[in-house]
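Let me begin by presenting the structure, written as structure tokens, before commenting on it.
The values are calculated or read from the model by the stated rules, or taken from the named source; none is laboratory data. Values in this document were obtained by computation on a predicted structure and should not be read as measured data. Glycine also receives a Cβ, built like all others from the backbone with ideal geometry; neighbour counts cover every protein chain displayed.
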Amino acid sequence: MSAAHVRACYQLVKEHDRVGRMADTQEFENFVLEKRHISPALMELLLQEAAEKITDLGEQIVIRHLYIERRMVPLNIWLEQVEGQQLRDAIEEYGNAIRQLAAANIFPGDMLFKNFGVTPSRACGFL
């Protein structure tokens with residue numbers, strides 16, 4: 001899969017998610033990050049998998065292009081951790097997400113709980 005294809009897919013989601021129910025991503029270029037915030041294992045993995053996208057500046061690295069996605073807990077895991085009203089609210093929010101996505105002409109191919117996530121504000125979205 002090419003970088004151009006990945007960019008096109010992210011752009012497609014950005015243009016079509018008018019209801020805010022899909023994973024929210026932000027795109028960055030020339031992103032500077034302090035090395036002290038990166039574990040040695042992650043740094044090694046980054047260099048193995050994307051060395052051409054990384055510039056080492058000593059105490060910092062520059063990542064030429066990346067997407068950052070808001071943190072979400074997969075819905076199937078969330079449902080195992082809550083009960084009572086929180087459980088009912090999560091299921092209702094899941095239904096609202098599907099309904100709003102469908103109203104925007106977006107149809108998730110697989111509506112399993114694991115393909116949806118819960119944000120810190122307890123909104124449900126498609127991953």
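Identify the residue in the range 51-97 that is among the small types (Gly, Ala, Ser) and either exposed (fewer than 13 other Cβ atoms within 10 Å of the Cβ) or within 12 Å of Phe31 (Cβ to Cβ) (or both) and, among all such residues, is modelled with the highest pLDDT.
Going residue by residue through the range 51-97, those that are among the small types (Gly, Ala, Ser) are 51, 58, 84, 90, 95, 97.
Now restrict to residues that are either exposed (fewer than 13 other Cβ atoms within 10 Å of the Cβ) or within 12 Å of Phe31 (Cβ to Cβ) (or both): 51, 58, 84, 95.
Working: Ala51: 94, Gly58: 93, Gly84: 97, Gly95: 94.
Result: Gly84.
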Tabulated pairs, the range 29-42, first within 13 Å of Val62 (Cα to Cα), second among the hydroxyl-bearing types (Ser, Thr, Tyr) and outside any helix (DSSP H, G or I), C-beta under 9 angstrom, 6+ apart or interchain = Asn30/Thr55
Would you please name the residue that is farthest from Ala8 (Cα to Cα), looking only at residues in the range 48-101 that are part of a helix (DSSP H, G or I) and among the small types (Gly, Ala, Ser)?
-> Gly84
Unique match (being among the small types (Gly, Ala, Ser) and either under 22 Å from Ser121 (Cα atoms) or at pLDDT 95 or above (or both)) among Ala8, Ala23, Ala103 = Ala23
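Leu45: more than 26 Å from Met1 (Cβ to Cβ) and either out of contact with any helix residue (DSSP H, G or I) (no Cβ under 8 Å at 6 or more places or on another chain) or surrounded by 14 or more Cβ atoms within 10 Å (Cβ to Cβ) (or both), yes or no? Full working, then the answer.
Working: more than 26 Å from Met1 (Cβ to Cβ): no; either out of contact with any helix residue (DSSP H, G or I) (no Cβ under 8 Å at 6 or more places or on another chain) or surrounded by 14 or more Cβ atoms within 10 Å (Cβ to Cβ) (or both): yes.
No; evaluated as a whole, the condition is false for this residue.
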Asn30 passes all but one of (1) assigned to a helix (DSSP H, G or I); (2) modelled with pLDDT of 95 or more; (3) of a type outside the set (Gly, Ala, Ser); which number fails?
-> (1)
Whichever residue in the range 98-115 is surrounded by 14 or more Cβ atoms within 10 Å (Cβ to Cβ) and touching a residue at least 60 places away in the same chain (Cβ under 8 Å) and, among such residues, is farthest from Glu52 (Cα to Cα) | Gln100
